[in-house]
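Every read-out reported here was derived from the displayed coordinates using simple, explicitly stated rules and does not represent laboratory data. A quick note: this is a predicted structure, and the numbers were derived from the prediction, not measured.
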Amino acid sequence: MGVTRLKRKDRRNKTTSRMEVQFLKLGRNVELGSRSKMPKNSQITKNNEILDKLAAEAK
């Protein structure tokens with residue numbers, strides 16, 4: 001069976017769907033109450049701790 005080329009619209013749909021899945025996978029860890037916890041040494045976790053300290057000092 002020969003390999004068929006995708007039409008432009010189908011190629012675009014393929015790449016956009018792949019990017020959407022990647023975006024959702026990356027965003028899932030950031031949400032509160034996520035099943036997968038953020039690692040302790042993650043930069044986002046460190047930033048949140050610093051922001052919490054600054055917010056507490058400002059009050």
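Full extension of the chain between S17 and Q43 yields a length gain of 6.6 nm, computed as 0.36 nm times the residue separation minus the alpha carbon distance. Backbone phi angles across segment 10-16, fed through the Karplus curve with coefficients 6.51, -1.76 and 1.60 (θ = phi - 60°), yield HN-Hα couplings of 5, 4, 5, 4, 5, 6, 5 Hz in residue order; Gly and Pro are listed as x.
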